[in-house]
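So the structure is just underneath, and the comments pick up after that.
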Amino acid sequence: MKKNNQSENLERTERLREENNLLRMKLTAEFGMRHSGSNLDEELENEWLKYIYNFEKSYADSKRVKIYDFIGKPDFRKIEEVKDSEIESELNKLFALLYKNNIVLNCLCDYEDKVIYKFITEELFEIETDDIRIKGLNHCFIYEEFHPNHEYDLKNYSEELFIKLYDGSWDEEFDKYRLCNKITVNNIFLCQSDFTKLVSDFHKANSYFKIENVLFENVKFDLSSGKAEVSGIVTVKLNDSFNMPNRYDESFKIYFEINDFGYWDICSIEFEALTVTGKWQV
């Protein structure tokens, strides 16, 4: 009996291997996909290849439809017709309907229910999406992609900068897209590559410090001029093994300019600690 089971398993594995080879050939012939090898076992790879094939097939045959049509043209009330006491329940109904049809709307920040209800019924419903329905596949949207929250972005970019300064995670190839071509650091002009070297040297000299908090005191921006300024205080903590005061505060100002794609780039930093040796030494 044990021998028969082993034989059946081998036959099943061989059938899956042949089917996987066929699926890979179909993906190459029909969609131009190239197979780069896989570490999955035959059964898992079979499930994955079937999913990819079904997706590519559905995508190739699909058309673009409005989200309102995609979810079945439901009846809904205009924002002007919804009382304040009803807005939460009406919004929940919309979210449930969207989720049922694999439409996911995420918000990075908190907004009043009225704002999101109005966005869904007046804007999201009019957006076109691929008419594809595959189990596990969601059509995802982010509110801020349509209505940027500039204060959130500026705070997020600023905090991210300080975290990367101190944890050494700055990646030149990726993070350079957060910088203008030339950047001023404490009134000294640097190109992007020089700034990367400064960040690397700074981290080596300050590896005993960790970011504890970034307090924002002021965030202001002017879309007409494409400029912004963020100021606040960074608190860093020294490794507990050192017998000396272990918290330090330093004020900062970061200046931004908006690029051609509508994103904020850092163009100037005022942060006294940002030197090759660092302000705080142990």
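None of the figures in this text is laboratory data; all of them are computed from the coordinates on show. Worth saying up front: this structure is predicted, and the values here are computed from it rather than measured. With ideal geometry, Cβ positions are generated from the backbone for all residues, glycine too; neighbour counts draw on all protein chains shown.
Extension gain, residue 172-residue 235: 0.36 nm per intervening residue step, less the Cα-Cα distance, totals 20.2 nm. As a ratio to 2.2 N^0.38 Å, the alpha-carbon radius of gyration for the stretch 150-270 is 1.08.
Computed on the chain, with alpha-carbon pairs under 8 angstrom and 6+ residues apart, the relative contact order is 13 percent.
Remark: the residue 26-residue 51 segment gains 7.7 nm on full extension, using 0.36 nm per residue and subtracting the alpha carbon distance. Measuring how big the stretch 65-146 is from its alpha-carbon positions, Rg and Dmax come out at 12.5, 37 Å.
Can you give the relative contact order of the stretch 65-146 as a percent, counting alpha carbon pairs under 8 Å and 6+ residues apart? Over the stretch 65-146, the number comes to 50 percent.
At a Cβ-Cβ separation cutoff of 4.7 angstrom, cysteine residues of the chain with no neighbouring cysteine are 107, 109, 140, 191. Cα gyration tensor of the stretch 19-157, axes a ≥ b ≥ c as square roots of the eigenvalues: rounded (a/c below 1.5), prolate (a/b > b/c) or oblate? Because a/c hits 1.5 or more and a/b exceeds b/c, the stretch 19-157 counts as prolate. Just the Cα atoms of the stretch 108-189, one point each, no solvent: what log10 I(q)/I(0) does Debye give at q = 0.23, 0.26 Å⁻¹? Computed log10 I(q)/I(0) values: -1.16, -1.32.
A straight Cα-to-Cα reach below 28 Å connects residue 114 with the lysines 66, 73, 78, 83, 93, 100, 155, 220, residues fewer than 8 places away in its own chain not being considered.
When the Gaussian network model of the chain links Cα atoms closer than 10 Å, the mean-square fluctuations of 112, 128, 151 top out at 112. Model label points for residue 13 and residue 97, set 7 angstrom from Cα along the Cα-to-Cβ axis, are 5.2 nm apart.
Extending 7 Å from the Cα toward the beta-carbon at both residue 218 and residue 261 defines two label points whose distance is 3.1 nm. When the P(r) is computed for the chain, the part past 36 Å accounts for 48% of the Cα-Cα pairs. For the chain, modelled as a GNM whose springs connect Cα atoms under 10 angstrom apart, the maximal fluctuation among 68, 117, 53 occurs at 53. Between residue 190 and residue 107, the simple spin-label model (points 7 angstrom out along Cα→Cβ) gives 3.9 nm.
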